[in-house]
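What follows is one structure encoded as structure tokens, with my remarks underneath.
The values are calculated or read from the model by the stated rules, or taken from the named source; none is laboratory data. From a predicted model like this one, the values you see are computed outputs, not experimental measurements. So basically every Cβ, Gly included, is an ideal-geometry build from the backbone, and we count neighbours across all protein chains shown.
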Amino acid sequence: MMHVRSKNRLFFLCCLMIVFAAGCVHEPSGVILTPEQEAARVAKSAKIHTELASEYYFRRQYKVALEEVDAALKSNPNYAPTYNVLGLIHMALDENSKAQSSFERALRLAPDDPEIHNNYGWFLCERYPDQIDRAIDHFRRAINDPLYETRHIAYANAGLCEIKRNNFTEASFFLREALTLHSSYRPALVGLIEMDFKRGQLAAAQSRLTEFKQKYSPTVKSLELGIQIERAMNNPRAVDSYMFQLQKLFPDSKEARAAREGRL
């Protein structure tokens, strides 16, 4: 999981890229950049293209995102954040081998980068159930970096990963640490609901989900859990309500497709 960007950020980055490109075009002929100036130019180009790729990734415009990745790598083939974003794009496209290769390349270039550790950990947790120990190790690397500004995301990811193998004691610790750092972080809140559900504590899960709905906008996971909880409690009208919201709010999600196909 990565950060949610502001709505105006893509526009700003595109404008910055235009200005940057224009500056290159209008440089006086015959001017030779010093090695330091050339390195700064290359670094700036790679950074801007990588940030654009990230924005397009969040908008699910993967083809354009890959074009920006290519542009970034042409500027600097050894820029670790580019491979980090490329890993996320390949993950979204279900190209697991390419995603793993990209994340590992990113870590070879920047072995202490907490954002890369967090994203690679999430990839391992989501795609390889037998690699959860490795995933938790990567989350811990991110968590243990005192300068990592979004440690709550790594904590929450670790908690959600532990839920997958029913390790509820560790999951509870990680999720509550996430909420200590960010009390309204929805994935962590929904993780507590999922944990109640998987423990068979249906009334507690239902109550916690009702409280969540009153305070926050729904997520795909919260609606999926609503369907599962109400179905387990034999409340067909409530199931239908959650089904309707899932189709209305997240029609392109794999969960909505599964519901339409009768697999949820």
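Key figures for this structure:
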quantity	calculated
Flag if Pro251 is touching a residue at least 40 places away in the same chain (Cβ under 8 Å) and out of contact with any Gly (no Cβ under 8 Å at 6 or more places or on another chain)	no
The one condition in (1) at pLDDT below 95; (2) part of a helix (DSSP H, G or I) that Asp252 fails to fulfil	(2)
Subset of the range 68-81 that is in a helix (DSSP H, G or I) and surrounded by 15 or more Cβ atoms within 10 Å (Cβ to Cβ) - its residue that is farthest from the chain's Cα centre (by Cα)	Ser75
Members of the range 41-67 that are within 13 Å of the chain's Cα centre (by Cα) and either under 17 Å from Phe123 (Cβ atoms) or surrounded by fewer than 18 Cβ atoms within 10 Å (Cβ to Cβ) (or both)	Ser54, Tyr57, Phe58, Arg59, Arg60
Among the candidates Ala171, Ala135, Ala156, residue that is within 26 Å of Arg199 (Cβ to Cβ), of a type in the set (Gly, Ala, Ser) and in contact with a His (Cβ under 9 Å, 6 or more places away or on another chain)	Ala156
Enumerated helices (runs of 4 or more DSSP H) restricted to the range 88-181, each holding at least 3 residues that are out of contact with any Cys (no Cβ under 8 Å at 6 or more places or on another chain) and touching a residue at least 60 places away in the same chain (Cβ under 8 Å)	114-127
Residue satisfying all of: in the range 105-133; surrounded by 14 or more Cβ atoms within 10 Å (Cβ to Cβ) and charged (D, E, K, R); farthest from Asn157 (Cα to Cα) among these	Arg105
Filter pass, Thr210 being of a type in the set (Val, Ile, Thr), at pLDDT 95 or above, surrounded by fewer than 23 Cβ atoms within 10 Å (Cβ to Cβ) and under 27 Å from Ile143 (Cα atoms)	no
